[in-house]
Amino acid sequence: MTALSVQLRGAGKSVPGLLYRGVIPSLGICVFLLVWHLVAGSINTSLGQFPGPAQVWQQMNTLYQEHLQQRDKADQFYQRQEKRNAARLAENPQAKIKWRDFTGKPTFFDQIVTSIYTVMFGFALASLVAIPLGIVCGLSDRVYQAVNPVIQVFKPVSPLAWLPLVTMVVSALYVSEDPLFQKSFLNSAFTVALCCLWPTVINTTVGVAGIDKDLVNVGRVIKLPALTHIAKIVLPSSVPMIFTGLRLSLATGWMVLIAAEMLAQNPGLGKFIWDEFQNGSSNSLSRIMVAVVTIGVIGFLLDRMMLVVQRRVSWDKRAVLR
């Protein structure tokens, strides 16, 4: 085969790949935006016409400008505080200086950061419990038979049912004059953790139980210690299924968090949506749609992040293409 023929074949393969990865998705997005624009123009609500893509983009820019203005106010507040404290120290070097936090209203982008931090905290807590539990269940049929009824009972429980219980338990047990975390943050994070447990436990159990028996027998023949067996055979073989569970758990946790923030009025994107709904201004619908699109984009990016991590630690390199 000549070099020219190889180049032609390579070029032939690159065109469909470019079409698949770039042009076709862009076309789908354009069609979606067009349909959204046409449908939005025919819907009138009590707050006015349903926002189209142009109105949503305009409100996104407005929210960004509001964020910059709030940051400027915070900077000015801290500068005034610093000057005032410096003046007090100049008059009396022994004076007690007090630093106060800026108490302005959180902006839309502050709420995004809060929600991402909360979901990752709850997801990490759930993973620390779910992965070891799934490994044990996959290795021991007796443990699985004992734990499975509990999983099947609590797996379908709605996060909205967990939230009041979590709130009461945190309020009763987390009593401190100088708390490390806010109670509202812990309420949302623990609710997310409870709902993130089950997909990871189930998929980890299936992945461990489905390990090639030849690998297990080899480990027995060479008498690998239990921890070495898990590290060298169990984890590498079950990583694809573990990450499938982690991806499902993270997606579940993200959806649960928005509902929990909305119901309990905890800081985050859910509270932002509810506040705008209660506000009832002419821009409320556009701002809610900005939040809805943002939630979807963040959920997509979180899933892509998990795929990148999976590709780095797993032997199954095809996972990133799924």
Note to self: Every residue in the range 221-241 that is hydrophobic (A, V, I, L, M, F, W, C) and farther than 15 Å from THR205 by Cα, please.
What the structure shows: VAL221, ILE222, LEU224, ALA226, LEU227, ALA231
Next item on the list: Hey, could you check the range 106-121 for residues that are surrounded by fewer than 21 Cβ atoms within 10 Å (Cβ to Cβ) and out of contact with any His (no Cβ under 9 Å at 6 or more places or on another chain) and say which is farthest from LEU248 (Cα to Cα)?
Entry: PRO106
Item checked: Number of positions in the range 212-234 that are without any contact (Cβ under 8 Å) to a residue 60 or more places away in the chain, out of contact with any Gly (no Cβ under 7 Å at 6 or more places or on another chain) and buried (at least 17 other Cβ atoms within 10 Å of the Cβ) -> 1
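Given the criterion surrounded by fewer than 16 Cβ atoms within 10 Å (Cβ to Cβ) and hydrophobic (A, V, I, L, M, F, W, C), identify the matching residue among PHE243, PHE272, PHE277.
Result: PHE277 is the single residue among PHE243, PHE272, PHE277 that is surrounded by fewer than 16 Cβ atoms within 10 Å (Cβ to Cβ) and hydrophobic (A, V, I, L, M, F, W, C).
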Check: Considering only residues of the range 118-152 that are within 23 Å of the chain's Cα centre (by Cα) and free of Cβ contacts under 8 Å to residues at least 60 places away in the same chain, which is nearest to ASN266 (Cα to Cα)?
Finding: MET120
Item checked: Matching entry among THR252, THR228, THR294, THR244 (being at pLDDT below 85 and either aromatic (Phe, Trp, Tyr) or part of a helix (DSSP H, G or I) (or both)) -> THR228
Next item on the list: Inspect the range 31-49 for any residue being surrounded by 11 or more Cβ atoms within 10 Å (Cβ to Cβ) and of a type in the set (S, T, N, Q) and give the result as yes or no.
Entry: yes
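The values are calculated or read from the model by the stated rules, or taken from the named source; none is laboratory data. Every value quoted in this text rests on a predicted model; they were computed, and no experiment measured them. Neighbour counts run over all protein chains shown; Cβ positions are idealised from the backbone, glycine included.
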